[in-house]
1. If you add up the charges near GLN203, with Lys and Arg at +1 and Asp and Glu at -1, over every other residue whose beta carbon is less than 9 angstrom from its beta carbon, what do you get?
2. Tell me which lysines have Cα within less than 20 Å of LYS154's Cα, excluding those fewer than 8 residues away on the same chain?
3. So which trypsin sites (Lys or Arg not before Pro) in the range 197-244 end up in coil per DSSP with only 10 or fewer other C-beta atoms within 10 Å?
4. Given 0.36 nm per residue, what is the gain on full extension from THR18 to ARG152 after removing their alpha carbon distance, in nm?
5. Cα to Cα, under 26 Å, and not fewer than 8 places away if on the same chain: which lysines meet these conditions relative to LYS28?
6. Rounded to the nearest 5, what is the percent of antiparallel bridges among the DSSP beta bridges in the range 113-272?
7. Considering only DSSP beta bridges where both residues belong to the chain, give the percentage that are antiparallel (nearest 5).
8. Find the relative contact order for the range 25-119 and round it to a whole percent, using C-alpha pairs within less than 8 Å whose residues are 6+ positions apart.
Amino acid sequence: HLLSCNVDLKLITTSRNTTSELTFKNLKYFNYEFNENDFDKDLINPLQESDHILISVPPINGKDMFIERLVKNNLNLQNLKWLTYLSSTSVYGNHDGAWVNEDSTTNPQTLAGKNRLNVEKDWLSIGTKNSLPVQIFRLSGIYSNSNNILKRLKNGSAKIIDKKNHFFSRIHVEDIANILFESFDNFRKNQIYNICDDKPTSQSEVVAFGAKLLKIKQPSPVKLEDIESEMLQNFYKDSKKVDNKKMKNFFNYNLKYPTYKEGLNYIFNNNI
């Protein structure tokens, strides 16, 4: 969307890579080095000139590096019109398969979820204290055209975990990008939005649908205690259905992929 709009867009990004000028679809931009050990100090001036800032880096050692390195060191954000922190629905913790919305109790079970919730609170506090336009997007499980259950079924890495009453929500990365774009012109500070599709469901249901599309046999169920991945074990500690009504109503947004079925059908039918 941004690249097709008739706007004077000056884009900067950060990553672990060495600072350099890059090009994306004829748009030249600077990427500045930024990691847990150090960052390029030349980033400060363009940041202070920015009117929109997106924070997508997860907490490192329980802290948000943007806050620790820049905000706490008097970064001047007087030009800022929009700051969005991408959090996670892991902040809700386990609700035994019940529905949760933005007003539900947050009781994260995992260290990652606890860190996310602490950083959310930090950003909202900083926004209030400094009159900054901060909003929080709580993202559910992200999938994309390049990272999805069809790819994992094809390469043999897909698993069905034998756990009853486990529900989780998901969202296609394209819908995340579209909602972010919509929020540029429709913004209310100090707000939290769940970013997810309409159909929370079990992993086994998604795997079954993917296997049917590919016309292959489903993998055999695996007991949770037999999974070596700590991240995967933590994922199955939480069961909840995430409500997206606030997001859809406020941004007046119709999901391109309202359930995993539309998303996976698109990926399959376009041979992605």
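1. Charge balance near GLN203 sits at +1.
2. Filter leaves LYS212, LYS215, LYS217, LYS261.
3. LYS215, LYS217
4. 45.1 nm
5. LYS28 reaches LYS10, LYS41, LYS81.
6. Around 10 percent antiparallel, to the nearest 5.
7. Here the antiparallel bridges make up roughly 20 percent for the chain.
8. In percent, rounded to a whole number, it is 27.
The values are calculated or read from the model by the stated rules, or taken from the named source; none is laboratory data. Nothing here was measured: the structure is a model prediction, and the numbers come from that model. Quick reminder, even Gly has a Cβ in these numbers, built from the backbone with ideal geometry, and neighbours come from all protein chains shown. The protein model used for the area step is the full one, side chains on, heavy atoms only, and it has no ligands, DNA or RNA in it. Shrake-Rupley method; radii C 1.70, N 1.55, O 1.52, S 1.80 Å.
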